[in-house]
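The values are calculated or read from the model by the stated rules, or taken from the named source; none is laboratory data. Owing to the predicted nature of the structure, the values given are computational and were not obtained by experimental measurement. Neighbour counts are summed over all protein chains in view; Cβ atoms, including those assigned to glycine, are modelled from backbone coordinates with ideal geometry. Ligands, DNA and RNA are excluded from the accessible area calculation, which covers all protein heavy atoms including side chains. Shrake-Rupley method; radii C 1.70, N 1.55, O 1.52, S 1.80 Å.
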Amino acid sequence: MLRLVKKRFVPALFLMALAIKIATAQNYPNRPITLVAPYGVGGDSDFSARNLAPIASKLLGQNVIVQNIAGASGTIGSQKVRTSPPDGYTLLVSRAGSQAIVPALESSTPYKWNDFTFISLLDFNPLVCVVKPDAPYKNMKELIAVIKANPTKLNYSTAGAGTTQHLAVEVLLRDVGLPSTAATMIPYKSAGLATTALLSGEVDFLCNNLTTITGQLKGNAMRPLVTSSSSRLKDFPNIPTAKEEGMGSLEKVMGWSGLYGPPGLAPEVVEKWQTILKEVAKNPTWINGNDMVGALSAIRTQAETEAFAKEQYDLYSKLGSELNLKK
């Protein structure tokens, strides 16, 4: 008799827990949501979070609060979300660095690229390769010609080995048949410092996220040579695309932001955010925010987001093996 009660009691507990989970998801959200940006204030993840938060707050009827948890190439903030309850109240602004590059190159990363619930992509940040306005290189072909004629003479700035600034140049050199040693990488502590290094003449060229250098481009403080976007940029129509310059592989290298949740996030919460993001994508304030910094709208389905994330992870994993960057 006792065994029979136990057998009935366990399923009853399970069904009760399931009912509570469903009810919670259906009532979601009923309190403020924390949106974790895994990098510092003023960076791309911070921008994406703050561009989304006020609009999502109005649509959801609850405050969406941005929390910057920076450190360890974005892994501290990412891990915080991964280990949070899967109730939809702690979400992550995922980035190319923290969700694709670092897991692909660092074996000590405390999570895998797919240790999250994918919700959607948010925006793309194409790269632009630039030189100073008075540089002798008027276009990408001229810069490559000098690199070919003078191996190791020219140098470029990055935010460190394995960052998009570094890997973009690696891909670019490979597309034109040059080895990694053809140009010398000079690492700095951040993308902003890498930009400053170019402006001060410490390096010859730089490939950086458009969102980081939009102001300098609009102020003619830099001469753009090529962009990794698949089509010409709306605000910078004179910048040739990588495909136009015969460097099509460069299209795959760009910054991006997405919206991720902890593993096991209720499908109803994902569906709620998918509905909200469809409205966000049409919101003039969100669109104008992206336009101001050169970000491209990239709202996607959950399946499309996961496929893109895998493609990015595979790209950097392959590059890491080929360039001996894996640790």
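Structure notes:
- Just so you know, the Rg over Rh for the stretch 206-278 is 1.15, from Cα atoms, with Rh as the Kirkwood radius.
- Using alpha-carbon coordinates, inclination of helix 302-322 to the longest axis of the chain, degrees: 50
- Nearest-0.05 FRET efficiency for Val176 and Thr152, computed from C-beta distance (R0 22 Å): 0.90
- Tilt relative to the chain, helix 2-26 - C-alpha long axis, 0 to 90 degrees, to 10: 50
- Cα shape, the stretch 158-254, gyration tensor, a/c 1.5 rule: oblate
- In terms of its C-alpha gyration tensor, the stretch 191-240 has a prolate overall shape, because the principal axis ratio a/c (a ≥ b ≥ c, square roots of the eigenvalues) is not below 1.5 and a/b outweighs b/c.
- Charge dipole magnitude, Cβ of K and R +1, D and E -1 - the stretch 86-237, Cα centre, debye nearest 20: 440
- Remark: the chain carries a charge dipole of roughly 960 debye about the Cα centre, counting +1 on each Lys and Arg Cβ and -1 on each Asp and Glu Cβ.
- Förster radius 30 Å - calculated FRET efficiency between Met292 and Ile76 (Cβ-Cβ, nearest 0.05): 0.60
- Tensor-based shape of the stretch 274-326 (alpha-carbon gyration tensor, a/c under 1.5 rounded, otherwise prolate or oblate): oblate
- Here r is the Cβ-Cβ distance between Ser108 and Asn220 and R0 is 35 Å; the resulting FRET efficiency, rounded to 0.05, is 0.25.
- Computed over protein heavy atoms with a 1.4 Å probe, the carbon and sulfur contribution to the accessible area of the chain reaches 56%.
- Principal-axis tilt of helix 267-280 within the chain, Cα atoms, nearest 10 degrees: 50
- Relative contact order %, the stretch 168-244, counting alpha carbon pairs below 8 Å whose residues are six or more apart: 17
- Amide H to amide H, with H built 1.01 Å from N, Ile33 comes under 5 Å of Asn63, Val64, Ile65, counting only residues 5 or more places away or on other chains.
- Calculated from backbone phi, Karplus (6.51, -1.76, 1.60) coupling profile of the stretch 141-153 in Hz, x at Gly/Pro: 4, 5, 5, 5, 4, 5, 4, 5, 6, 9, x, 6, 6
- Percentage relative contact order, the stretch 124-262, counting C-alpha pairs under 8 Å, at least six apart: 36
- Put a plus charge on the Cβ of each Lys and Arg, a minus charge on the Cβ of each Asp and Glu, and nothing anywhere else: the dipole of the stretch 41-130 about its Cα centre is then about 120 debye.
- As a length-normalised measure over Cα pairs under 8 Å and 6 or more apart, the relative contact order of the stretch 131-212 settles at 38 percent.
- Most mobile listed residue (Gln79, Gln312, Gln62) in the chain, GNM with C-alpha springs under 10 Å: Gln62
- Taking each DSSP H run with n ≥ 4 as -39500 (n - 2.57) and averaging over every residue of the chain yields -13500 deg cm²/dmol at 222 nm.
- 10 °C / 1.306 mPa s Stokes-Einstein diffusion coefficient of the stretch 196-327, Kirkwood radius on C-alpha pairs, µm²/s: 91
- Dipole orientation for the chain: of the candidates Gly71, Phe236, Val226, Gly71 has the Cα lying most toward the positive pole (charges on Cβ; Lys, Arg +1; Asp, Glu -1).
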